[in-house]
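Everything below concerns the one structure shown next.
Values in this text are rule-based calculations from the coordinates and carry no lab data. Note that this is a predicted model, so its numbers are computed, not measured. When we count neighbours, we look across all protein chains shown, and the Cβ atoms used for this are built from the backbone with ideal geometry, even at glycine.
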Amino acid sequence: SHLTAGNKETLCALIQTPTEPVTLTITLDLDSSSTKIGQLFLRTEIYRCFQFLVPIVSSTTVASISVKIQGKMDSLNQETKVLIEPPAFVHIVQTDKPIYKPGQTGEKGHLLANNAFVPTGDVTLKVSAEGEKRNKKCGTETVTVPTMGQVDTVITTLLVEVILIYFVSFLLLLEGPVSKNISLELPEKFMAGSERASVSVVGDLMGRAMKNLDKLLAMPYGCGEQNMLLFAPNIFILDYLKSTGQLKESTWKMAVGYLESGYQRELNYKRDNGSYSAFGMSDPSGNTWLTTFVMKSFNAAKQYVFVDQKYIQDARTWLSGLQKLDGCIQSVGKLFHNGMKGGVSDDVSLTAYVAAAMLELDGNATNPVVQNCLKCLRTAVSGKITNLYTVALLSYTFTLAGDQDVRSKLITLLDQKSINEGKTEDQDFQQWQQAAYKTLEVEMTSYVLLALLSGPSLPGFGLDYAAGIVHWLAQQQNPFGGFSSTQDTVVALQALAKYATATFSLEGSTTVTVTSVGGLNKRFTVNKDNRLLYQEEKLTEIPGEYTIKAEGQSCVLAQISLFYNIPPPSDFSAFQISTDTRGQCDIPRPEFTLFVFQGRREETNMVVINIKLLSGYILQDNSLTMHLVVLYSHTRVPVFTLQLKKGQKETFDVVLEEDQQVGNLKPAVVKVYDYYQTSTTLC
């Protein structure tokens with residue numbers, strides 16, 4: 001049998017009618033080393049396959065695969081020779097010029113890959129150059145080797161994303177004796193060798209988010225919208241860690257540093273009237289939703305970092321000026337990131353959002369602006385509200401306002417509309433759905449949880465009822481502690497942190513056992529000493545059948561995650577792009593027409609058009625600027641933004657002017673992509 005070094009191979013064994021309990025051990029013996037391929041204890045007939053990685057060899061080598069079956073009375077040993085061949089490596093080297101003269105500097109790219117190379121994720125590239133003494137002259141110059149700098153090595157990381165990465169996650173909130181069966185299955189089409197799975201256990205509801213603080217406690221950046229999306233989660237994580245006495249000095253310093261940076265950056269997008277928008281004074285006006293989000297976030301952050309109270313008050317004053325005669329808040333300004341505002345898409349839900357934010361500031365429900373907002377909302381409640389998202393948000397707003405009658409009415413209505421899918425004897429899953437807002441289920445369910453936990457307990461809607469909501473929310477978390485989009489992650493983390501604080505306890509311990517049909521038997525122990533410890537084990541049986549069993553008194557989260565790569569579908573791109581060139585590149589003023597079309601979503605987020613200019617050319621004055629907003633212009637590459645609705649086609653005439661004469665021109669690239677979803681890129 002021939003094997004290739006570095007490849008993943010599979011070995012299968014069939015044991016028929018053993019006469020006594022036996023242990024099967026399979027090893028790969030190479031030179032003086034031995035690698036265990038698999039081992040299991042069996043009593044009955046079994047057919048089992050084991051995956052293993054073939055060791056790296058520098059030349060063709062003979063190895064042995066040994067199979068040993070050991071019982072009390074009998075034993076069997078069998079050895080099979082295999083030939084391991086080194087991988088067929090490919091060296092790819094590209095330089096910026098074919099010949100170098102002494103004293104010149106150059107750039108070189110180098111890639112080493114074998115025939116099993118699947119380039120996904122971070123790929124580390126290492127390039128070394130060494131000066132060698134030679135008698136042959138380079139032109140008329142004598143080749144010399146310096147005593148210092150004879151060898152130079154550069155190591156860099158290349159992010160390779162050539163295929164889509166999918167994950168399937170099963171997250172269980174376990175308490176007491178409970179057992180769950182989980183099947184890991186792969187789709188018909190996926191990249192062979194890309195599948196990977198793991199099981200993890202942690203004893204804290206916020207533990208998964210805390211494990212990935214580098215993703216949730218992130219440095220805010222980008223425009224006024226994106227900066228705030230990365231700013232807000234820092235506050236909720238800090239609130240929870242502080243209230244439960246788990247905040248470490250290192251985490252505190254990191255989070256405070258991020259908050260200070262995000263605060264200063266957001267002030268760049270503050271307008272003179274106290275409002276905020278994606279690009280500040282470059283926009284025609286401030287945005288109602290974003291200004292509200294900034295106001296409430298700044299107020300929540302001031303317990304950790306310095307925030308000028310004037311900025312909070314200025315935002316509140318501007319929002320108050322948008323109140324109409326009926327008490328509702330007027331929506332003004334453009335929001336490029338559609339997913340950022342979640343389900344806030346009408347006057348009632350927007351007014352509820354603004355009122356809730358103002359109540360979060362000081363809890364003063366007698367403020368005239370808040371009173372008028374509540375008047376608008378009570379009028380809506382007295383009518384027939386069919387939008388469950390609005391009802392959920394209203395329940396939170398009236399909870400903060402202290403109106404228990406309206407709060408009770410709304411929560412009772414929500415309970416009647418709730419879905420108990422997956423309800424079992426030991427767990428109750430509570431959620432809310434609405435066909436028009438499929439992507440907003442996490443957000444509206446989180447608002448219901450916030451409504452339950454932000455006011456006095458209502459009969460029948462205590463922590464036991466809230467636990468059903470948390471069970472469902474926990475199942476929606478991705479492997480990194482977040483959710484499917486941006487705004488639902490912000491609201492859900494706020495709600496989960498509030499619940500985790502209310503139910504925090506160091507008492508009890510739990511043992512979680514993970515078994516599989518293939519023989520896996522892994523045990524995790526969670527107690528008060530290691531409840532924050534993130535415990536993880538790789539799973540090798542894919543596809544596979546697994547069972548998770550928990551025994552004990554404490555609450556733990558167990559998650560099985562399966563990752564795999566698939567080729568992008570034919571209609572993967574959200575945009576279509578084409579050009580029509582008029583003129584030649586050797587004339588002083590070439591021009592081309594750029595067509596951009598979007599047909600997948602109802603409306604895009606911020607669409608960025610990045611035009612790399614021909615060498616020696618500049619963009620003609622006033623070209624494109626009548627149609628688009630300039631995103632930034634600190635480089636020689638013009639970047640413009642717009643927003644497209646479904647089926648909308650935009651045409652732009654681009655005129656270039658020759659600035660310097662350059663010979664042997666190479667083609668330039670035009671890129672179109674979604675600012676918030678850069679995977680939708682076209683060139």
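Modelled spin labels at Gln404 and Val154, positioned 7 Å past Cα toward Cβ, are 7.0 nm from each other. Per-residue packing, averaged as other Cβ atoms within 10 Å, sorts the ranges 662-671, 305-314 into the order 305-314, 662-671, beginning with the highest. Loop-located GluC sites (Glu not before Pro) across the stretch 455-538 with a Cβ neighbour count of 14 or fewer within 10 Å are Glu507, with loop assigned by DSSP.
Annotation: the residues His471, His2, sorted from fewest to most other C-beta atoms within 10 Å of their own C-beta, follow the order His2, His471. Among Trp318, Trp252, Trp289, a tally of other beta-carbon atoms within 10 Å of each Cβ gives an order, fewest to most, of Trp252, Trp318, Trp289.
Remark on Val82: its backbone amide H falls under 5 Å from those of Ala63, Ser64, Ile65, a criterion applied only to residues 5 or more positions apart or on other chains, H modelled at 1.01 Å from N. Taking only the C-alpha atoms of the stretch 217-318, the Rg (one decimal) and the largest Cα-Cα distance, Dmax (whole number), read 13.6, 46 Å. Compute the Cα gyration tensor for the stretch 207-502, then decide on rounded, prolate or oblate, letting a ≥ b ≥ c be the square roots of its eigenvalues: rounded whenever a/c is under 1.5, prolate when a/b is larger than b/c in the other cases, and oblate in all that remain. It comes out oblate by the Cα gyration axes. Taking every C-alpha pair closer than 8 Å and separated by at least 6 residues, the mean separation divided by the residue count of the stretch 2-85 gives a relative contact order of 38 percent.
Two numbers describe the Cα atoms of the stretch 2-85: Rg and Dmax, which are 13.9, 44 Å. With neighbour counts taken as other beta-carbon atoms within 10 Å, the residues Ser505, Ser277 rank, fewest first, as Ser505, Ser277. Backbone amide hydrogens, once placed in the peptide plane, bring Asp659 within less than 5 Å of Tyr617, Ile618, excluding anything fewer than 5 places away on its chain.
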